Amino acid sequence: MAAVLRKLIQGRLPALAGVLCRRSGNEGHLFLNSSGSTLMQPRCGYSSPTESVIVEMDKATGVALLKLNIPPVNSLSLPLLTELAIVLDKLEMDKHCRGLILTSAVPNIFSAGLNLFDMMDKPNEHYSEFWRAVQEIWIKLYGSSLANIAAINGSSPAGGCLLALCSDYRIMANNPHFTIGLNETRLGIVAPFWFKDTLLNTVGKRTTEISLNLGALYSPTEALSLHLVDRLVPETQLLSAATEEMGRWLQVPDHARQITKSMIRKSTLEGLLNQREADIKNFVEFISRDSIQKSLQFYAQSLQKQKQHIHPPSSSCRQQISSVTFARSPWYSLIQRS
Ligand SMILES: CCCCCC/C=C\CC(=O)SCCNC(=O)CCNC(=O)[C@H](O)C(C)(C)COP(=O)(O)OP(=O)(O)OC[C@H]1O[C@@H](n2cnc3c(N)ncnc32)[C@H](O)[C@@H]1OP(=O)(O)O
């Protein structure tokens, strides 16, 4: 089977080389890098030096519970992305690991998305390195061979929503204060094409059109109705529901599930793999513009001001926003005040 997978990746799915091929055996695991050459990787544990990524491995089931642990909001900074990439590689190489449940150790927040400060007031080299790390995480998660379930235990805007969208199945805690969605346009920035494609593959064209243009953040109930998430459960049952769901995914033989997943996600992954450098160049050019920097600065400041001066919109205000939830958007709060 390993030979079949290798052939598949080297031959029919060349762009997925580097995403992964797993092999059982005593000598470790076979990893194909993007040029198709093979590297032997020793088996190892899953320590994250700063504990910003906590991994609890259930050896009996082969399921890893991965918790993001960067208070206050699990923003995806360059160091966090780098650690996450290392942990994901290790899990991918571990022949005993079959499934991954992604969740947060920070109460009420799954992830606040990309760290705003990595995109502000930095040299172009930093933007370039940061964006490569963002790409890397998407490639690893969206192209993962593991069964991947997101246990969304808090708000999940922008890059946080993207993390969840990379999973095979999303279960969200049914708390009306949580929101999820790709809200980039609300910050004056634009979700890149591979964010858009990931959403499109999940919810379809019309919902993508509305969600992305409006930068909509949805409540769990709205997200369920749009198939942005697959299931809602009470917060206290989130992990047990994710574990139970994982059991269903692991009943399918790994090779059959992996090849099926590759078939479905291949063209989307290739979209970025074929033009990574151009995408980085585009990001750097965009993010370093004065107008975008001003927009981001205003947004970051308004997040802070919101905490100091602005109360959340009243429930009657919220109802006026119909099905699109802008609650938690500092822009919305500022509009309400003016
Ligand atoms: C061509 C390519 C174009 C570029 C494409 C870029 C693609 C992706 C974009 C992103 O992912 S941008 C990030 C978008 N994220 C958001 O809009 C979320 C903003 N945050 C919130 O809405 C809230 O913070 C929250 C997540 C709902 C949590 O609310 P809570 O009330 O619990 O906490 P706060 O008081 O608001 O925040 C605490 C603390 O964290 C700071 N912070 C919040 N989000 C971020 C962030 N994304 N990056 C960095 N820091 C963040 C916030 O300012 C507070 O800081 P202090 O006041 O304590 O200093």
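On the stretch given as the range 68-98, residues that are among the polar types (S, T, N, Q) and more than 17 Å from ILE109 (Cα to Cα) total 1.
Number of residues in the range 190-218 that are within 16 Å of the ligand (Cβ to nearest atom), more than 18 Å from LEU272 (Cβ to Cβ) and within 18 Å of the chain's Cα centre (by Cα) equals 5. Among residues of the range 291-305 that are more than 16 Å from LYS122 (Cβ to Cβ), those with a Cβ under 8 angstrom from a residue that is away from the ligand (no atom under 12 Å from the Cβ), sequence gap 6+ or separate chain, pair up as SER302/LEU334.
Determine, yes or no, whether ALA112 is touching a Ser or Thr at 6+ places or on another chain (Cβ under 7 Å), within 12 Å of the ligand (Cβ to nearest atom) and at pLDDT 95 or above. It is true that ALA112 is touching a Ser or Thr at 6+ places or on another chain (Cβ under 7 Å), within 12 Å of the ligand (Cβ to nearest atom) and at pLDDT 95 or above. Go through (1) surrounded by fewer than 23 Cβ atoms within 10 Å (Cβ to Cβ); (2) away from the ligand (no atom under 14 Å from the Cβ); (3) not acidic (Asp, Glu) one by one and return the number of the condition SER128 breaks. The one condition SER128 does not meet is (2).
For the range 132-143, does any single residue satisfy the condition of being more than 14 Å from the ligand (Cβ to nearest atom) and touching an Asp or Glu at 6+ places or on another chain (Cβ under 9 Å)? Checking the range 132-143: at least one residue is more than 14 Å from the ligand (Cβ to nearest atom) and touching an Asp or Glu at 6+ places or on another chain (Cβ under 9 Å). Checked against (1) more than 24 Å from LEU116 (Cα to Cα); (2) out of contact with any His (no Cβ under 7 Å at 6 or more places or on another chain), GLY215 passes all but a single condition, namely (1). Taken over the range 78-109, the criterion of being more than 9 Å from the ligand (Cβ to nearest atom), outside any helix (DSSP H, G or I) and under 14 Å from the mean Cα position of the chain (by Cα) is satisfied by LEU100, ILE101, LEU102, THR103, SER104.
Residues that are farther than 20 Å from VAL203 by Cβ, modelled with pLDDT under 95, more than 23 Å from the chain's Cα centre (by Cα) and not in a helix (DSSP H, G or I) are absent from the range 251-260 altogether.
The values are calculated or read from the model by the stated rules, or taken from the named source; none is laboratory data. What you are looking at is a predicted structure, and each value in this text was computed from that prediction instead of being measured. For neighbour counting, all protein chains shown are included, and Cβ atoms are generated from backbone atoms with ideal geometry for every residue, glycine included.
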